1. Using only the Cα atoms of the range 18-81, what are the Rg and Dmax in Å?
2. Just tell me which lysines come within less than 16 Å, Cα to Cα, of residue 20; anything on the same chain fewer than 8 places away is out.
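Read-outs throughout are calculated quantities, based only on the coordinates presented, and are distinct from any laboratory measurement. Small disclaimer: the values here were computed from a predicted structure and weren't measured.
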Amino acid sequence: MRGKPCPLCGGTGFLDPRYKLTGAEQRAIREVARGYTQKEAAFHLGIKPKTIKDTLIHVYRKVGVNSTQEAIYVLWLREHFGET
C-alpha cells in the first residue's frame, strides 16, 4: 500500500499524481468507491447529482476508462500495486 491509506477503505483518496485528479475528483470517486450511488455521494458532498456525474466523467477521461467500476479498479491497482 506504499504507506497511504486505502481509498476504498476510508482512506484519504487516490493519490497517484500521474492522473492529476483534483480534490473534487478524488472526493467524488472515493464516495462511489465506498458504495454510494451518485445521488447519495452528491448529498454527502453537498453538491448536485449532475455535478457528481460531470466530475466522474472527468475522472474517466483522466484515467482512460469508460465507467465508475473501471476507474475504481484501475485506481485501486495503482494505489496498491503501482500497476494497471
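1. 10.9, 34
2. Once the sequence-local lysines are set aside, what remains near residue 20 is 62.
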